[in-house]
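The values are calculated or read from the model by the stated rules, or taken from the named source; none is laboratory data. All values derive from a computational prediction rather than experimental measurement. Note: ideal-geometry Cβ built from the backbone for every residue, glycine included; neighbour counts use all protein chains shown. With ligands, DNA and RNA removed, areas are computed over all heavy atoms of the protein, side chains included. Shrake-Rupley method; radii C 1.70, N 1.55, O 1.52, S 1.80 Å.
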Amino acid sequence: MVSVPVQCPYCQNTEVIKAGKQANGTQRYRCQNARCARRIFPLQYQDRGRIPEVRRQVVDMALNGSGVRDTARVLRISPTTVIAVLKKSRRAATRQPRTSDTPSFTRRRRARTTQARSRAG
Ligand SMILES: [Zn+2]
């Protein structure tokens, strides 16, 4: 038996357990770090558009003024993937890592609506 060291690509934590398989049969892993922003990940990605490093490059190129088709050509991914990555990266930038003291979505939303009401009244 050969043990293969697996590291979380998001927080570099080595405490990782197996977590089922992808639809295509490749092994999926779960990071045991509770504060990790991304918990489940495959070791090998099937397509380039899923690789975290490529996705980071998409955002970097957009910030440096590259267009969608420009980015797609250079990184060898489809323009549709570039748009999808950019849409998701905006959400990820505002997302907080999972912690126990983070208020739930409904609680935060209720706080916001009461603020709006008091401002109106
Ligand atoms: Zn992690």
Odd one out for Ala93 among (1) over 29 Å from Val6 (Cα atoms); (2) at pLDDT below 95; (3) among the small types (Gly, Ala, Ser):
(1)
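If you check Arg39, Arg107, which single one turns out to be within 16 Å of the ligand (Cβ to nearest atom), of a type outside the set (A, V, I, L, M) and at pLDDT below 90?
Arg39
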Taking Ser66 as meeting all but one of (1) of a type in the set (S, T, N, Q); (2) over 13 Å from the mean Cα position of the chain (by Cα); (3) open to solvent by 50 Å² or more (accessible area, probe 1.4 Å); (4) more than 16 Å from the ligand (Cβ to nearest atom), write down the number of the exception.
(3)
Identify all residues within the range 23-35 that are part of a loop (DSSP other than H, G, I, E, B) and either in contact with a Pro (Cβ under 8 Å, 6 or more places away or on another chain) or surrounded by 15 or more Cβ atoms within 10 Å (Cβ to Cβ) (or both); write none if there are none.
Thr26, Asn33, Arg35
Return yes or no: is Ala72 more than 16 Å from the ligand (Cβ to nearest atom), farther than 19 Å from Ala19 by Cα and not basic (Lys, Arg)?
yes
In the range 24-36, anything of a type in the set (A, V, I, L, M, F, W, C) and either farther than 27 Å from Val82 by Cα or at pLDDT 90 or above (or both) is listed as Cys31, Ala34
Name the pairs: first residue in the range 36-50 and surrounded by fewer than 15 Cβ atoms within 10 Å (Cβ to Cβ), second residue basic (Lys, Arg), Cβ to Cβ under 8 Å, at least 6 apart or on different chains?
Ala37/Arg95; Ala37/Arg98; Ile40/Arg28; Ile40/Arg30; Arg48/Arg76
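Determine whether Gly20 is part of a loop (DSSP other than H, G, I, E, B), open to solvent by less than 50 Å² (accessible area, probe 1.4 Å), farther than 27 Å from Thr71 by Cα and more than 16 Å from the ligand (Cβ to nearest atom). Show your work before the answer.
Working: part of a loop (DSSP other than H, G, I, E, B): no; open to solvent by less than 50 Å² (accessible area, probe 1.4 Å): yes; farther than 27 Å from Thr71 by Cα: yes; more than 16 Å from the ligand (Cβ to nearest atom): yes.
Judged against the criteria, Gly20 is not a match.
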The residue that is modelled with the highest pLDDT, considering only those in the range 1-13 that are loosely packed, with under 12 Cβ neighbours inside 10 Å and within 16 Å of the ligand (Cβ to nearest atom), is Gln12
